[in-house]
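K.L.:
Handing you this structure, nothing more for now.
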Amino acid sequence: MAKIQINRAGEAVFSNNMAFVRFLLNRIAQALVTVFLVSLAVFWLFQIIPGDPVLALLGDSADPALEAALRAQYHLDRPAPARYAEWAAGVLRGDLGTSIRFNRPVGAMILERLPSTLTLSGMSLLIVVFAGVPLGIAAARFSGKRRGALFNIVTQIGASIPSFFLAILLILLFSLKLGWFNVIGYVPWSEDPAACIKGFFLPALAIAAAAIASLARYTRASVLEQLGMDYVRTARGKGLTRRRILYGHVLRNALVPVLTMFGILLTGVLSGVIVVEAAFSIPGIGNLLHGGIKNRDLPLVQGISLYISVVVVFVFFLIDLLYRVIDPRIGNEREGGAV
């Protein structure tokens, strides 16, 4: 009888391992397809919008021979499917192509701008987490009809203000009027960390504002849902204080669904970086992408879009993986398996 139990246990472990492998392979396949579709969409979008990258570089009165030479140099004289296939083959070799505007490797340009973008994105996410979660918890803890209505109005306003418009307001108030921050010039982290943080605070706040409001609303709703659970009433019946119930039991369960918001917040932060870097003249990837779109620099735009899509897809992949580790039933439910 013991032998049968051991075999059954071994079969169960083997089955769980195979289910996890299938789950992992499925997510990897979805990630690869997503990145491929994003790159394809960006490429074909540039084929249908008006404008010519060669004429944008040389001007309308360019020498026809020079124009033809540039088209041949950047393979713009070839059919679109052939150019996309050549670019995709280069990506598999680690080559993102050459910028038409700057005549430099796109990969090298992204690596140069990456530190400032990572610093700005990291600061924005820290502000979002350390402001949004406590605000949501406080709103749930001191919930009431009037306070709840006020919280909804404030967060709705915060979520509705465009990051670019908020960046302009912050520059006018804290830089031009009060003189607290200098928005001209970029100080790298390696030179002066304090000056770097001070220089990035306003743009990070402009990016984080909408995400703070969204995270606070989601956290409040999750905490209030957990406060209505049976285990909370049981804890109250045992004489536990409201503070101990909230921070010792409720938050542990309420913050697990909040993990889903991280991927959504990251996409919001990355989209905010694109416009806010231009407003604050930060030499980051977002500013580089803005210039590439303006000049119709397809290799540059496509390389940056690929980088951003890989980052977003990888984060969502990690979130799915963390969910599966926290509760294996989640993966089974999504794939239609037995719980």
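The values are calculated or read from the model by the stated rules, or taken from the named source; none is laboratory data. As the structure is a prediction and not an experimental result, all values here were calculated from the model. Cβ atoms come from the backbone with ideal geometry, glycine included; neighbour counts cover every protein chain shown.
K.L.:
Tell me whether the range 119-139 contains one or more residues that are surrounded by 14 or more Cβ atoms within 10 Å (Cβ to Cβ), over 24 Å from the mean Cα position of the chain (by Cα) and part of a helix (DSSP H, G or I).
P.N.:
Initially, the range 119-139 is screened for residues surrounded by 14 or more Cβ atoms within 10 Å (Cβ to Cβ), giving 119-121, 123-125, 127-129, 131-133, 135-139.
After this cut, where a residue has to be over 24 Å from the mean Cα position of the chain (by Cα) as well, the list is 138-139.
Subset that is part of a helix (DSSP H, G or I): 138-139.
Scanning the range 119-139 turns up at least one residue that is surrounded by 14 or more Cβ atoms within 10 Å (Cβ to Cβ), over 24 Å from the mean Cα position of the chain (by Cα) and part of a helix (DSSP H, G or I).
K.L.:
List every residue pair whose Cβ atoms sit under 8 Å apart, with the two residues 6 or more apart in sequence or on different chains, where the first one lies in the range 98-119 and is farther than 16 Å from Val269 by Cβ and the second, anywhere, is of a type in the set (Val, Ile, Thr) and not in a helix (DSSP H, G or I).
P.N.:
Matching pairs, first to second residue: Arg104/Thr98; Pro105/Thr98; Val106/Thr98.
K.L.:
On to the next question. Within the range 190-220, how many residues are part of a helix (DSSP H, G or I) and surrounded by fewer than 16 Cβ atoms within 10 Å (Cβ to Cβ)?
P.N.:
Applying the first criterion (part of a helix (DSSP H, G or I)) to the range 190-220 yields 193-220.
Now narrow it down to the ones that are surrounded by fewer than 16 Cβ atoms within 10 Å (Cβ to Cβ): 193-195, 197-198.
Residues meeting the conditions: 5.
K.L.:
Oh, and also: Answer yes or no: is there a residue in the range 264-274 that is of a type in the set (S, T, N, Q) and not in a helix (DSSP H, G or I).
P.N.:
Of the range 264-274, the ones of a type in the set (S, T, N, Q) are 267, 271.
From what's left, not in a helix (DSSP H, G or I): none.
There is no residue in the range 264-274 that is of a type in the set (S, T, N, Q) and not in a helix (DSSP H, G or I).
K.L.:
With respect to the numbered conditions (1) more than 17 Å from the chain's Cα centre (by Cα); (2) assigned to a helix (DSSP H, G or I); (3) buried (at least 17 other Cβ atoms within 10 Å of the Cβ), which one is the sole condition not fulfilled by Arg296?
P.N.:
The failed condition is (2).
K.L.:
Give the number of residues within the range 210-261 that are within 14 Å of Leu135 (Cβ to Cβ) and of a type in the set (Phe, Trp, Tyr).
P.N.:
Within the range 210-261, residues that are within 14 Å of Leu135 (Cβ to Cβ) and of a type in the set (Phe, Trp, Tyr) number 1.
K.L.:
In the set Leu266, Leu270, which member is closer than 30 Å to Ser143 by Cα and not acidic (Asp, Glu)? Give the derivation first.
P.N.:
Working: Leu270 fails: closer than 30 Å to Ser143 by Cα.
Testing whether each residue is closer than 30 Å to Ser143 by Cα and not acidic (Asp, Glu) leaves just Leu266.
K.L.:
Taking interchain pairs and intrachain pairs at least six residues apart, which have beta carbon atoms under 7 angstrom, with the first residue in the range 266-281 and of a type in the set (Ser, Thr, Tyr) and the second assigned to a helix (DSSP H, G or I)?
P.N.:
Sorted first by the residue in the range 266-281, then by its partner, the pairs are Thr267/Val312.
K.L.:
Another question, then. Name the residue that is nearest to Ile212 (Cα to Cα), counting only residues in the range 98-118 that are in a helix (DSSP H, G or I) and among the β-branched types (Val, Ile, Thr). Walk me through how you get there before you give the answer.
P.N.:
Filtering the range 98-118 for residues in a helix (DSSP H, G or I) gives 106-118.
Filter once more, keeping what is among the β-branched types (Val, Ile, Thr): 106, 110, 117.
Numbers: Val106: 33, Ile110: 28, Thr117: 19 Å.
Going through the qualifying residues, I end up with Thr117.
K.L.:
Additional query: Using the structure shown, decide if Ala235 is part of a helix (DSSP H, G or I), without any contact (Cβ under 8 Å) to a residue 60 or more places away in the chain and either among the acidic types (Asp, Glu) or surrounded by 17 or more Cβ atoms within 10 Å (Cβ to Cβ) (or both). Break it down into steps so the answer makes sense when it comes.
P.N.:
Values: part of a helix (DSSP H, G or I): yes; without any contact (Cβ under 8 Å) to a residue 60 or more places away in the chain: yes; either among the acidic types (Asp, Glu) or surrounded by 17 or more Cβ atoms within 10 Å (Cβ to Cβ) (or both): yes.
Taking the combined requirement at face value, the residue satisfies it.
K.L.:
Related question: Going by the structure shown, is Asp95 outside any helix (DSSP H, G or I), of a type in the set (D, E, K, R) and either at pLDDT below 80 or surrounded by fewer than 14 Cβ atoms within 10 Å (Cβ to Cβ) (or both)?
P.N.:
Numbers: outside any helix (DSSP H, G or I): yes; of a type in the set (D, E, K, R): yes; either at pLDDT below 80 or surrounded by fewer than 14 Cβ atoms within 10 Å (Cβ to Cβ) (or both): no.
When the stated conditions are applied, Asp95 does not pass them.
K.L.:
With respect to Phe36, is the statement that it is under 31 Å from the mean Cα position of the chain (by Cα), modelled with pLDDT under 75 and either among the small types (Gly, Ala, Ser) or assigned to a helix (DSSP H, G or I) (or both) true?
P.N.:
On the way: under 31 Å from the mean Cα position of the chain (by Cα): yes; modelled with pLDDT under 75: no; either among the small types (Gly, Ala, Ser) or assigned to a helix (DSSP H, G or I) (or both): yes.
No: the conditions fail for Phe36.
K.L.:
Counting only residues that are touching a Leu at 6+ places or on another chain (Cβ under 6 Å) and either closer than 14 Å to Glu277 by Cβ or among the acidic types (Asp, Glu) (or both), how many does the range 91-120 have?
P.N.:
Residues in the range 91-120 being touching a Leu at 6+ places or on another chain (Cβ under 6 Å) and either closer than 14 Å to Glu277 by Cβ or among the acidic types (Asp, Glu) (or both): 1 in total.
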